[in-house]
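To start, the structure itself, in structure tokens.
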Protein chains: 2
Amino acid sequence: MTDWFVPSAPTVGFTGSPLDRADALRKDDAAMIMARADRTARWLVLDDLRPVIDDGSGSDTLRWFSRDDIPTDAPSVFLGLADGSPRFAVAATGMGRHGDPRGIGAALAASASPGDAAIFAHARSLLDWHARHRFCANCGSQTTVAKAGYERLCSACDAHHFPRTDPVVIMLALLRVDGVEHALVGRQPRFPRRFFSALAGFVEPGESLEEAVRRELFEEAGITTARVRYIASQPWPFPSSLMVGAFAETTGTGELTLDDDEIEEARWVTKADVRAALDGAGPWLAPPPLAIAHTLLRAWVTN
Amino acid sequence: MTDWFVPSAPTVGFTGSPLDRADALRKDDAAMIMARADRTARWLVLDDLRPVIDDGSGSDTLRWFSRDDIPTDAPSVFLGLADGSPRFAVAATGMGRHGDPRGIGAALAASASPGDAAIFAHARSLLDWHARHRFCANCGSQTTVAKAGYERLCSACDAHHFPRTDPVVIMLALLRVDGVEHALVGRQPRFPRRFFSALAGFVEPGESLEEAVRRELFEEAGITTARVRYIASQPWPFPSSLMVGAFAETTGTGELTLDDDEIEEARWVTKADVRAALDGAGPWLAPPPLAIAHTLLRAWVTN
């Protein structure tokens, strides 16, 4: 009998939320009214999509507000239950200190409450979706929030709209050269200096994850893929991607033809190169632990 | 050195398009004008999202129209290149015979050109997205088609909109009872009589695929998951999902608590049960080969 579950799942950023999403409550208007009135209910405040942070402790953690502390007119979304206690997120300004939108994810992941990064990802994607989807894509009318923030309804044409999650493939192309396995890392023009990562791209309508991996590697680097192996996935809340990480077996010599718009430089690196980069001791910089590209590189060098 | 690529990828429906998506051409307006004027260019016609089918041959295959045969005012989207020859899809009515929207996918997959099902999936998802996203979700203004059908632009608020693909997890929960592995199959109220399949649900903002698998199995069947193993993925063009198929290791006794709105009946079945169902010889009906649930069941019983 095949032991399907031998490979252990690697750790990835923005996962591990301690909240129970309790989706059955969302459609129950009476339950949601009770949840908002619960004296243990707490609200996470996002100011321009940045979370307000607790000032009291030494490390960055999310700050949870009581009902009396938040603006009464601000629309809030239901995040779930923390040991039975309701948790919401709301957009508001001037409520306290907050970090920059990207740095705060890493700070939260490295804090004493690493699940905070996942709660932030959940709240940010949902509130950002509401902010940019106030109108019906089908008929142009204004829509209203339903199901505690997990749906928007159009009363004009009766369309139901759901939060959007965009699947993205991110892959480490692997190639054996003279018996030594190499991986492909590249840099986009917008990356910080010396920073290299795995190649990535959005999944398109009508293709599988494996087909998207093959297409992107050929488009961006001119290389051909044989087999694809799924490694891990993570939510990425800028604004709302589902990152799907994979290894791709490269055929051919590994000669590269780069799409200069997407990739300004790419190179085949060894495990020793990657270990040095992950240790901050190499000539190039690897992605930080929060990024699934980091997970892919670490999974490659430790197996 | 780990051999990452040992598991061979199973065959899944709606994959294997023979077209090169040639994405570099999409943003090049001059290249797209030339592609449309190419005398070898062909158009696939979708009538109310159903493909017009070739009448000439015995089995169902897609019918490809020349430029002169299609309405000049109908907006078309670029599908890619077939051996260098441009292929488009266009919405139009009264152009010929077409099948019912769901049955036709299976007919195409079983035809002499199984890649036709993947082309249909690509075209259907893209044209359906345009039909239901003519307005800007950000400001409510009318939008216009850009990049040969892979973007819509809002001139009022400058928003860029991209085709939507919704990730869905579909999973076979596995449980060992007295040393015999069992899998969980269930039926939604809308399923045909005696039809059972793997459980499934949409991935939500802020969760990984593995977290979505755990959440859905707990919500729909009340069971708890330990490890999750990715198996395969497929596009599902009704309207535009990315199905991600996995096995889920069940902990506990396997006692079920069903969400009656989603699952009206579920049962733990053995490999012998599944083999009989796949052969059409059991007391329940398994999903057809086009569905990734079929792929999951077949992968389970053959390994």
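Please specify each residue of region A:128-146 satisfying the condition of being aliphatic (A, V, I, L, M) and touching a Phe, Trp or Tyr at 6+ places or on another chain (Cβ under 6 Å). Lay out the reasoning, then the answer.
Taking region A:128-146 as the starting set, the residues that turn out to be aliphatic (A, V, I, L, M) are A:131, A:137, A:145-146.
A:A137 - this is the single residue of region A:128-146 that is aliphatic (A, V, I, L, M) and touching a Phe, Trp or Tyr at 6+ places or on another chain (Cβ under 6 Å).
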When every residue in region B:225-243 that is within 8 Å of chain A (Cβ to nearest Cβ) and among the hydroxyl-bearing types (S, T, Y) is compared, the one farthest from B:L46 (Cα to Cα) is B:Y230
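One line per residue, one yes/no per condition, for (1) among the charged types (D, E, K, R); (2) touching a strand residue (DSSP E or B) at 6+ places or on another chain (Cβ under 8 Å); (3) more than 10 Å from every other protein chain (Cβ to nearest Cβ):
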{"site": "A:E151", "(1), (2), (3)": "yes, yes, yes"}
{"site": "A:T165", "(1), (2), (3)": "no, yes, no"}
{"site": "A:A173", "(1), (2), (3)": "no, yes, yes"}
{"site": "A:A200", "(1), (2), (3)": "no, yes, yes"}
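Sort through A:R42, A:R50 and tell me the only one that's at pLDDT 95 or above and closer than 25 Å to A:P239 by Cβ.
A:R42
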B:R36 vs (1) in a helix (DSSP H, G or I); (2) within 14 Å of another protein chain (Cβ to nearest Cβ); (3) of a type in the set (D, E, K, R): all pass except (2)
How many residues of region A:73-91 are surrounded by fewer than 18 Cβ atoms within 10 Å (Cβ to Cβ) and without any contact (Cβ under 8 Å) to a residue 60 or more places away in the chain? The answer is 5
Of the conditions (1) modelled with pLDDT of 95 or more; (2) over 28 Å from A:A299 (Cα atoms), the single one that A:P18 does not satisfy is (2)
Contact list, first residue from region A:54-72 and at negative phi and at pLDDT below 80, second anywhere and surrounded by fewer than 16 Cβ atoms within 10 Å (Cβ to Cβ) and not in a strand (DSSP E or B), beta-carbon distance below 8 Å, six or more apart or interchain, is A:D55/A:G96; A:D55/A:R97; A:S57/A:A112; A:S59/A:A110; A:S59/A:A112
Filter region A:244-266 for residues that are within 18 Å of A:F191 (Cα to Cα) and touching a helix residue (DSSP H, G or I) at 6+ places or on another chain (Cβ under 7 Å); the one that is nearest to the other protein chains (Cβ to nearest Cβ) is A:D259
Taking region A:211-224 and keeping residues of a type in the set (D, E), within 7 Å of chain B (Cβ to nearest Cβ) and farther than 19 Å from B:G105 by Cβ leaves A:E219
B:A272 meets each of (1) of a type outside the set (K, R); (2) modelled with pLDDT of 95 or more; (3) closer than 28 Å to A:P163 by Cβ with one exception, condition (3)
A:D158: passes all of (1) more than 9 Å from chain B (Cβ to nearest Cβ); (2) in a strand (DSSP E or B); (3) surrounded by fewer than 22 Cβ atoms within 10 Å (Cβ to Cβ) but (2)
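Within region A:102-127, can you find the residues that are over 13 Å from the mean Cα position of the chain (by Cα) and either more than 10 Å from chain B (Cβ to nearest Cβ) or surrounded by fewer than 18 Cβ atoms within 10 Å (Cβ to Cβ) (or both)?
Step one: filter region A:102-127 for residues over 13 Å from the mean Cα position of the chain (by Cα), giving A:103-104, A:107-108, A:110-116, A:127.
Once the filter is applied, which keeps residues that are over 13 Å from the mean Cα position of the chain (by Cα) and either more than 10 Å from chain B (Cβ to nearest Cβ) or surrounded by fewer than 18 Cβ atoms within 10 Å (Cβ to Cβ) (or both), region A:102-127 yields A:G103, A:I104, A:A107, A:L108, A:A110, A:S111, A:A112, A:S113, A:P114, A:G115, A:D116.
Which residue, of A:A173, A:A148, is at pLDDT 95 or above and over 23 Å from A:T295 (Cβ atoms)?
It is A:A148.
Out of B:G105, B:G140, report the one residue that is without any contact (Cβ under 8 Å) to a residue 24 or more places away in the chain and either out of contact with any strand residue (DSSP E or B) (no Cβ under 8 Å at 6 or more places or on another chain) or not in a helix (DSSP H, G or I) (or both).
Only one candidate passes the filter, namely B:G140.
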A:R187 meets each of (1) touching a residue at least 24 places away in the same chain (Cβ under 8 Å); (2) away from chain B (no Cβ under 13 Å); (3) among the charged types (D, E, K, R); (4) more than 30 Å from B:K147 (Cα to Cα) with one exception, condition (4)
When region B:145-194 is checked residue by residue, the ones that are closer than 17 Å to A:F202 by Cβ and among the acidic types (D, E) are B:E151, B:D166
Looking across region A:128-149 at residues that are facing another protein chain (nearest Cβ under 9 Å) and among the hydroxyl-bearing types (S, T, Y), the single one that is farthest from A:D23 (Cα to Cα) is A:S141
Counting only residues that are without any contact (Cβ under 8 Å) to a residue 12 or more places away in the chain and part of a strand (DSSP E or B), region B:161-184 contains a total of 1
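Looking at this structure, is A:L25 out of contact with any His (no Cβ under 6 Å at 6 or more places or on another chain), surrounded by 14 or more Cβ atoms within 10 Å (Cβ to Cβ) and over 22 Å from A:P235 (Cα atoms)? Steps first, please.
Details: out of contact with any His (no Cβ under 6 Å at 6 or more places or on another chain): yes; surrounded by 14 or more Cβ atoms within 10 Å (Cβ to Cβ): yes; over 22 Å from A:P235 (Cα atoms): yes.
So A:L25 fits the description; yes.
Find the residue count for region B:128-145, including only residues that are surrounded by fewer than 19 Cβ atoms within 10 Å (Cβ to Cβ) and not hydrophobic (A, V, I, L, M, F, W, C).
Of region B:128-145, the ones surrounded by fewer than 19 Cβ atoms within 10 Å (Cβ to Cβ) are B:130-134, B:139, B:141-142, B:144-145.
In the following step, the residues that additionally are not hydrophobic (A, V, I, L, M, F, W, C) were identified as B:130, B:132-134, B:141-142, B:144.
Within region B:128-145, residues that are surrounded by fewer than 19 Cβ atoms within 10 Å (Cβ to Cβ) and not hydrophobic (A, V, I, L, M, F, W, C) number 7.
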query = Does region A:196-212 include one or more residues that are farther than 19 Å from B:S125 by Cα, in the same structural domain as A:L285 (by TED's automatic domain parsing) and of a type outside the set (A, V, I, L, M, F, W, C)?
reply = yes
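Mind checking which strands (runs of 3 or more DSSP E) fall wholly inside region B:185-288 and carry at least 3 residues that are buried (at least 22 other Cβ atoms within 10 Å of the Cβ)?
On the way: elements: B:199-202, B:224-236, B:241-251, B:265-269.
Correct list: B:224-236, B:241-251.
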Exactly one of B:A9, B:A31, B:A91 is under 30 Å from A:V301 (Cβ atoms) and either modelled with pLDDT under 95 or touching a helix residue (DSSP H, G or I) at 6+ places or on another chain (Cβ under 6 Å) (or both), and that residue is B:A9
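The values are calculated or read from the model by the stated rules, or taken from the named source; none is laboratory data. These numbers come from a predicted model, not from an experiment. When we count neighbours, we look across all protein chains shown, and the Cβ atoms used for this are built from the backbone with ideal geometry, even at glycine.
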